[in-house]
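The values are calculated or read from the model by the stated rules, or taken from the named source; none is laboratory data. On a predicted model such as this, the values are computed, not experimentally measured, just so you know. Here the Cβ is made from the backbone with ideal geometry for all residues, glycine too, and neighbour counts use every protein chain on show.
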Amino acid sequence: MEGLVKCSRVLYDNEISKKMKEITNLKKQLNGPKVLFKDMDESWVAREEVAKEIEKTLTEYIKGNWHESNSGLFCEDVDLPDSLEHILFNFTKDKEWSYKTGYILHDLIKTIYNSLKDAGIIDFEDEDSANLIAAIIVKGVNNHLHEGDGLWGGAILDNCCVFKCDDCGKIDNWKEDGICMECHEKETL
Ligand SMILES: [Zn+2]
């Protein structure tokens, strides 16, 4: 009986440690990489650069040379997942995260693109139509990176930018007038 109790204890401990590892990994995935900036203005300059690069890549992609392949339409000029990964890596220096997020954005682009195509809105031969599609997709991707759900959080790059409070030294994802949210609250008390 005692042996059985010990055995189930070991199994239970193993199970717990496995679950803890899973949770840690999931948390890591959720949190993503952190990039330390002097202040929020500095982070917005860097994010503006990301937005510009995304726009440039997507415009080249949409206006590029297309042909039919087994997996649907294929653009010969731009390897999109690779380009997106590169832009995200330049910002975060995190290879694994940039690779995964590049694919998430690529899926988003394909979804917007296929929806417009299925609805009969896209005409690749037509310059105006291509410009319109480029504008919609660029907006969709940049919203995902910078605006999120329109309220607090949700934007991919919001979670990556952190700042050091000049007062308490804490690393926080918000900073104004040199100090973190908590120090602001203390000041207003
Ligand atoms: Zn502080």
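Take the conditions touching a residue at least 60 places away in the same chain (Cβ under 8 Å), of a type in the set (A, V, I, L, M) and surrounded by fewer than 14 Cβ atoms within 10 Å (Cβ to Cβ) and apply them to residue 36. Does it pass? Break it down into steps so the answer makes sense when it comes.
Numbers: touching a residue at least 60 places away in the same chain (Cβ under 8 Å): yes; of a type in the set (A, V, I, L, M): yes; surrounded by fewer than 14 Cβ atoms within 10 Å (Cβ to Cβ): yes.
Considered against the rule, which asks whether it is touching a residue at least 60 places away in the same chain (Cβ under 8 Å), of a type in the set (A, V, I, L, M) and surrounded by fewer than 14 Cβ atoms within 10 Å (Cβ to Cβ), residue 36 comes out as yes.
Would you say residue 187 is among the acidic types (Asp, Glu), within 16 Å of the ligand (Cβ to nearest atom) and at pLDDT below 90?
Taking the combined requirement at face value, the residue satisfies it.
Any idea how many residues of segment 164-181 are among the acidic types (Asp, Glu) and within 10 Å of the ligand (Cβ to nearest atom)?
So in segment 164-181, the residues among the acidic types (Asp, Glu) come out as 166-167, 172, 176-177.
So of that shortlist, the ones also within 10 Å of the ligand (Cβ to nearest atom) come out as 166-167, 172.
Selection size over segment 164-181: 3.
When you check residue 91 against the structure, is it within 16 Å of the ligand (Cβ to nearest atom), at pLDDT 90 or above and surrounded by 13 or more Cβ atoms within 10 Å (Cβ to Cβ), yes or no?
On the way: within 16 Å of the ligand (Cβ to nearest atom): no; at pLDDT 90 or above: yes; surrounded by 13 or more Cβ atoms within 10 Å (Cβ to Cβ): yes.
In short, no.
What's the number of the only condition in (1) under 30 Å from residue 132 (Cα atoms); (2) of a type in the set (A, V, I, L, M, F, W, C); (3) at pLDDT below 70 that residue 46 fails to meet?
Among (1) under 30 Å from residue 132 (Cα atoms); (2) of a type in the set (A, V, I, L, M, F, W, C); (3) at pLDDT below 70, the lone unmet condition for residue 46 is (3).
In segment 79-94, what residues are more than 21 Å from residue 42 (Cβ to Cβ) and assigned to a helix (DSSP H, G or I)? Can you show your working first?
To start, the set of residues in segment 79-94 that are more than 21 Å from residue 42 (Cβ to Cβ) comprises 79-86.
Listed by number, the residues that qualify are 80, 81, 82, 83, 84, 85, 86.
Residues in segment 66-80: is at least one crowded, with 17+ Cβ neighbours inside 10 Å and in contact with a Lys or Arg (Cβ under 6 Å, 6 or more places away or on another chain)? Give the steps one after another, and end with the answer.
Of all residues in segment 66-80, those crowded, with 17+ Cβ neighbours inside 10 Å come to 78, 80.
Now narrow it down to the ones that are in contact with a Lys or Arg (Cβ under 6 Å, 6 or more places away or on another chain): none.
Scanning segment 66-80 turns up no residue that is crowded, with 17+ Cβ neighbours inside 10 Å and in contact with a Lys or Arg (Cβ under 6 Å, 6 or more places away or on another chain).
If you go through segment 140-147 one residue at a time, do you hit one that is surrounded by fewer than 19 Cβ atoms within 10 Å (Cβ to Cβ), among the aliphatic types (A, V, I, L, M), touching a residue at least 12 places away in the same chain (Cβ under 8 Å) and under 15 Å from residue 58 (Cα atoms)?
No.
When you go through 128, 123 one by one, which is the residue that is away from the ligand (no atom under 16 Å from the Cβ), surrounded by fewer than 15 Cβ atoms within 10 Å (Cβ to Cβ), in a helix (DSSP H, G or I) and not aliphatic (A, V, I, L, M)? So that I can check it myself, show each step before the final result.
Values: 123 fails: in a helix (DSSP H, G or I).
Residue meeting the stated conditions: 128.
If residue 160 passes every condition in (1) more than 13 Å from the ligand (Cβ to nearest atom); (2) touching a residue at least 40 places away in the same chain (Cβ under 8 Å); (3) at positive phi but one, which one does it miss?
(3)
Looking at residue 109, is it closer than 18 Å to residue 41 by Cα, buried (at least 17 other Cβ atoms within 10 Å of the Cβ), more than 16 Å from the ligand (Cβ to nearest atom) and in contact (Cβ under 8 Å) with a residue 12 or more places away in the chain? Don't jump to the end; show me each part of the working.
Values: closer than 18 Å to residue 41 by Cα: no; buried (at least 17 other Cβ atoms within 10 Å of the Cβ): yes; more than 16 Å from the ligand (Cβ to nearest atom): yes; in contact (Cβ under 8 Å) with a residue 12 or more places away in the chain: yes.
Criteria not met by residue 109.
Tell me which of these residue 55 doesn't satisfy, since it passes every other one: (1) closer than 17 Å to residue 109 by Cβ; (2) at pLDDT below 90; (3) of a type outside the set (Ser, Thr, Tyr).
Here residue 55 clears every test but (2).
Taking the conditions exactly as written (in contact (Cβ under 8 Å) with a residue 40 or more places away in the chain and in a loop (DSSP other than H, G, I, E, B)), does residue 97 satisfy them or not?
Numbers: in contact (Cβ under 8 Å) with a residue 40 or more places away in the chain: yes; in a loop (DSSP other than H, G, I, E, B): no.
Taking the combined requirement at face value, the residue does not satisfy it.
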